[in-house]
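First the structure, in the form of structure tokens, and then the observations on it.
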Amino acid sequence: MGDVKDVRVAAIASLTPLEELDEDPFLVDTRSQQDMCARWAADKGYVVTRQLRLYGLRPDHHALWTDVENGDVEVFVAANDRVLARALTSVPEFAAECERRGVRLETADLVEPLYTPRTKASVHRRLSMPTAGYDGC
């Protein structure tokens, strides 16, 4: 690896069903998960080159490893362990595969946003109306 600025990161978010918004809003809010990963990367001087949104993906799935094999990703980061557990079928198997391939696996573990009824409603609108031109603002 070159200097810190050359470190390329794939940010993993979990695609959690909208029905779980009241139970665990952060797991549903892929935008906030990706933002947390981006802040983590920026704080280290890294660059996010790929944003992955996954739900129960096998650790050996080719979609995870294509960018690694092409030299475009050196680190996987997820917002926290809950996100990883939802995104992948087996975090231990994924961690072992990362180690085998020489790719770091990290969690940002920053403070999650607070979700009020208003912010939950915003997440709900953004995720339930993506084809209606709503951009989440």
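The values are calculated or read from the model by the stated rules, or taken from the named source; none is laboratory data. Values in this document were obtained by computation on a predicted structure and should not be read as measured data. Glycine also receives a Cβ, built like all others from the backbone with ideal geometry; neighbour counts cover every protein chain displayed. The accessibility values were calculated without ligands, DNA or RNA, using every heavy atom of the protein model including side chains. Shrake-Rupley method; radii C 1.70, N 1.55, O 1.52, S 1.80 Å.
A few remarks follow.
- Members of the stretch 67-96 that are free of Cβ contacts under 8 Å to residues at least 60 places away in the same chain, open to solvent by 40 Å² or more (accessible area, probe 1.4 Å) and either among the acidic types (Asp, Glu) or in contact with a Gly (Cβ under 9 Å, 6 or more places away or on another chain) (or both): GLU69, ASP81, THR89, GLU93
- Residues that are among the β-branched types (Val, Ile, Thr), farther than 13 Å from VAL77 by Cα and open to solvent by less than 20 Å² (accessible area, probe 1.4 Å), drawn from the stretch 4-29: THR16, VAL28
- Top-ranked residue of the stretch 30-66 - restricted to ones that are aliphatic (A, V, I, L, M) and under 15 Å from PHE94 (Cα atoms), ranked as least open to solvent (accessible area, probe 1.4 Å): LEU64
- Checked against the criteria, TYR115 counts as open to solvent by less than 60 Å² (accessible area, probe 1.4 Å), farther than 17 Å from VAL77 by Cβ and at pLDDT 95 or above.
- Boolean, TYR55 is closer than 15 Å to VAL103 by Cα, at pLDDT 95 or above and of a type in the set (Phe, Trp, Tyr): no
- Selection of the stretch 49-63 for residues being of a type in the set (A, V, I, L, M, F, W, C) and free of Cβ contacts under 8 Å to residues at least 40 places away in the same chain yields LEU57, ALA63.
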